[in-house]
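Asks: Below you'll find the structure I mean.
Laboratory data are not the source of any read-out in this text; all were calculated from the coordinates shown. All values derive from a computational prediction rather than experimental measurement. Here the Cβ positions follow ideal geometry from the backbone for every residue, glycine too, while neighbour counts run over all protein chains shown.
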Amino acid sequence: MRVDEELGRALAELSSTLTPQPDPYGRVRARYRRMRQRRLGGLALALVVSVGGTAFAIAGPARTTQPPPANSNESIAPVLAWADKLLQSPPRGAVARDTGYVRQLSDILLDAQRRGDFPNLTVPVNAVKVLFIEDVNDQRIALAAFVRDQPDPVTGWPSAAVWLVAEKGASAEKLASTGSVRGTSDALEPYESLAVDDPSGPGRAIHVAIAPAGCVFLTSPVLNGHAFKWASELTGSYLIRTPQTQRPEWWRVNCAEVTRKITPGPGSLAAKPITDAQLATAMSRVRGDVKAQRARELVYQSAQSAGYRLTALPSVVWGGHVAGVPTGGSPSVADGQVTVLAAPAVDGTWVGEVTIEPDQPRSDSVVGTGTSFTVTTDPTDPASVLAVPIDGDAVGSGDQQFLLVVTPAAATTVRVLRDGQEVARAPASGSGAALTVPRPTAGLVVKALDASGRTLASAQVSDEGARGTPETDAWNQE
């Protein structure tokens, strides 16, 4: 897979940490259990990543490999039980029918691990279980689980996982070599997946995902806001997508009629580069002042990070220079260029991003930060009002919240009301305004007024984070 596409998926995963999920297992998995070492093409990825030559930080809590607090109600026991079901599953894939090959591969992998050939997997291991082997296009892809002598003392995970990739028809010795390792994790999870470059051409990738035996994969095309139309995959408990079969779609895993996972399939609506026609569409309703080249970059980055959570490419809502905007770093506030994008999501809401580029780089060399929001109505309508709280978790401990407001072009004043009483007011110009308002922002109503005092439009303050997508990770349910 291309680095930029893989980065887009990583950005999407990071930005998902902004969203309190109905099911908490995703937070357990991402923050508490282990440091995943999936293949990222040598890209070092943390909360600050390099995009198009620009250091860009996604607002949200940092990930950590520490275990959950003792009083956590986010039980990992059901997850471990499902992971064990995957471990006990028979090998899947056409090559896995060759039981002699599977046995030989398991033995070679165990011997290699005990010799210390896998530097990312050095704990004592008592067995290796091959879970998947398939020749996909010109490559042989395998997933193997390494069963520890004792569960990890910090995380409790009993097995590690290794993805292997070699040429089609590779011998067991070749597939088990260290040069074939494409991903190592210190936890075998109930759902495992891999993206690997396809040699048929640049930017082309193969995707494999697997769940416990007895579970079934279903897929649905992205249907522009309409309900999903799920159909079972012929492969049952695993799924393969090649450059020839990849499409805009969502994936679902059902186990005994219970949905355990829903996730967008790989890819995004964005081609690279964004074409002139796509840029013209994205800029067709823009308010304020946004440079075309920067808009092109942001539309691409946003589409890549969101993937098929969107049903259309993002539009540029507004741009302008804002004084005293929170930066999430040091200095904590600065003057800078702000750009707002928004796009329709698969659940019928609109999700957006606010990008802030301070005039002077922060002390940590990050020169752009961002935050996300969700609204129920189209924020690209030039006659509408959009009010977005900026970096609400990082502004400080005070009672005030920084609010960015996008207004109709004729607006000269912004009023903020709670229960009909004004709590803040600021001048508007260039279809924008910035002000501080009392916390909490839930329930605040923002009105845009023209010079005569007439209300042009009003709206409630947007929700923070990209909420509302139908993603599910329910392996922690009994």
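Asks: Might you report the magnitude of the Cβ-based charge dipole of region 270-384 about its Cα centre, with Lys and Arg at +1 and Asp and Glu at -1, to the nearest 20 debye?
Replies: Values: 8 positive and 11 negative charges, 41 e Å.
Taking the Cα centre of region 270-384 as origin, the dipole is about 200 debye.
Asks: How compact and how long is region 217-265, expressed as Rg and Dmax of its alpha-carbon atoms in Å?
Replies: Cα only, region 217-265: 10.8, 31 Å (Rg, Dmax).
Asks: Under a Cβ-only charge scheme (Lys and Arg +1, Asp and Glu -1), can you give me the dipole magnitude of region 168-321 about the Cα centre, in debye to the nearest 20? Intermediate values should be presented prior to the final figure.
Replies: Details: 17 positive and 12 negative charges, 96 e Å.
That gives region 168-321 a dipole magnitude of about 460 debye.
Asks: Also, quick follow-up: Among ALA383, LEU449, GLY319, whose Cα projects farthest towards the positive end of the dipole of region 315-465, with charges put on the beta-carbon of Lys, Arg (+1) and Asp, Glu (-1)?
Replies: Of the listed residues, the answer is LEU449.
Asks: Which of the aspartates and glutamates could a cross-linker span from LYS174 if the Cα-Cα distance has to be under 17 Å and same-chain partners fewer than 8 positions apart are dropped?
Replies: ASP98, ASP107, ASP111, ASP117, GLU134, ASP135, ASP138
Asks: Which of the trypsin sites (Lys or Arg not before Pro) found in region 213-298 are loop residues per DSSP with 13 or fewer other Cβ atoms within 10 Å of their Cβ?
Replies: When the trypsin sites (Lys or Arg not before Pro) of region 213-298 are filtered for loop state and at most 13 Cβ neighbours within 10 Å, LYS229, LYS291 remain.
Asks: Based on the mean of other beta carbon atoms within 10 Å per residue, what is the order of 379-385, 437-443, 88-94, 184-190, most packed first?
Replies: Numbers: 379-385: 19.6, 437-443: 15.0, 88-94: 17.3, 184-190: 22.4.
With the highest mean Cβ count within 10 Å placed first, the list reads 184-190, 379-385, 88-94, 437-443.
Asks: Evaluate E = 1/(1 + (r/R0)^6) for ARG439 and ALA127, where r is the Cβ-Cβ distance and R0 equals 56 Å; express this FRET efficiency to the nearest 0.05. Let's see the in-between values first.
Replies: Working: r = 54 Å, r/R0 = 0.97.
Taking R0 as 56 Å, the efficiency between ARG439 and ALA127 is 0.55.
Asks: Report the far tail of the P(r) of region 166-206, meaning the percent of Cα-Cα pairs longer than 15 Å.
Replies: Numbers: 472 of 820 pairs.
When all Cα pairs of region 166-206 are counted, 58 percent exceed 15 Å.
Asks: Output the Kirkwood hydrodynamic radius of region 91-155, Cα pairs only, in Å rounded to one decimal.
Replies: Computed over Cα pairs of region 91-155, the Kirkwood hydrodynamic radius comes out at 12.7 Å.
Asks: While we're here: Need one number: nm distance between label points at SER429 and ASP399, each 7 Å from Cα along Cα→Cβ, rounded to one decimal.
Replies: 3.1
Asks: Restricting things to alpha carbons, find the Rg to Rh ratio for region 138-249 using the Kirkwood radius for Rh. Before the final figure, lay out each step's value.
Replies: Details: Rg = 16.4 Å, Rh = 16.0 Å.
Rg/Rh: 1.02.
Asks: Hey, another quick one. Divide the volume of the convex hull of the Cα atoms of region 438-478 by its number of residues and quote the answer in cubic angstrom per residue. Mind showing how you got there, number by number?
Replies: Working: hull volume 5.1 nm³, N = 41.
Convex hull of Cα atoms, per residue: 124 Å³.
Asks: At a Cα cut-off below 18 Å, give the aspartates and glutamates reachable from LYS291, other chains included and same-chain residues fewer than 8 away excluded.
Replies: Output for LYS291: ASP276, ASP335, GLU353, GLU357, ASP359.
Asks: Once you order the gyration tensor axes a ≥ b ≥ c over the Cα atoms, which shape class does region 199-240 get: rounded for a/c under 1.5, otherwise prolate or oblate by comparing a/b with b/c?
Replies: Details: a/c = 3.23, a/b = 1.13, b/c = 2.86.
Cα axes put region 199-240 in the oblate bin.
Asks: Just rank HIS321, HIS207, fewest to most, by other beta-carbon atoms within 10 angstrom. Mind showing how you got there, number by number?
Replies: On the way: HIS321 15, HIS207 22.
Going from sparsest to densest Cβ surroundings: HIS321, HIS207.
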